[in-house]
Amino acid sequence: MSKVKRNIHSLFKIVLFALAGFIVGYSVMYFGKNDYPRIINSQGTIVSTIFTTAIITAIGALMISKINNAEKFKIKIENGDIYADKYDFLFNKNIYNASLLVYISIFFSLINIIVITLFQSTFNNVWFITIIPFLICIYLSSRYTRKITKIDDRLPKYNDPEYTNKLINAMDEGEKHCTYEALFKIYRYNISILMMLIIILAACSIITGANMAIALFSLLALYVFNITFYYVKIGKYFNQ
């Protein structure tokens, strides 16, 4: 990558972070001064939860379909098919897609809980039903884990004490490289975003007078955890 392209890429990231910071800061200041629009009643809670459950059920059905496809490709690989390399790629692709669908379903369940909690109009005696989609997600996640460990015995079970090491050892070199690169980028972005959020929330707390102690200390704890976990792991290598 040329120097000009690197500078443009860095400038784009700075602008993106600044825009995200502005949106977060403005949202905090706005909702700090203004009450939330209370528009969701008990009936709305039920409708929203049913709609979310339907979405998650559809995602779950698609996830199961991906796992079943992966199992078919795994059987073809074990039978020594001449297209084994192609089937191995398709097997890993279907496992990847199934895993992604699990997290997408959890995202929808959490959005449902957050929106209903923030915008409920009165005391909501049916709020507890918002947990139902989340429980379905937990079931789908558990089924995904159990199924893939049966399909490929190299993959660890969710309660395996050597989960991370076994998962990494099951990857080929290409997968390992992509995974390490993605994880390191996530670490860097997490640190940058956490720092930005702490500064923005602190400034908004001063401007609005809102008590954001819990949010600030929570973000600080996440920052410390990320830094500590990363450097403790790296430090073990140098202390061998």
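Every read-out reported here was derived from the displayed coordinates using simple, explicitly stated rules and does not represent laboratory data. No experiment lies behind these values; they were computed from the predicted model shown. Quick reminder, even Gly has a Cβ in these numbers, built from the backbone with ideal geometry, and neighbours come from all protein chains shown.
Between Phe225 and Tyr103, what's the calculated FRET efficiency when r is the beta-carbon distance and R0 is 25 Å? Round to 0.05. Once rounded, the FRET efficiency stands at 0.75. When the charge dipole of segment 37-170 is built from unit charges on Cβ atoms (+1 for Lys and Arg, -1 for Asp and Glu) and taken about the Cα centre, the candidate among Thr52, Phe73, Ala170 whose Cα reaches farthest toward its positive end is Thr52. For segment 37-170, the Kirkwood estimate of hydrodynamic radius, built from reciprocal distances between every pair of different alpha carbons, is 16.7 Å.
With the cut-off at under 15 Å, measuring from each backbone N in segment 153-174 to a point 7 Å along the Cα-to-Cβ line of Ala182 picks out 167-174.
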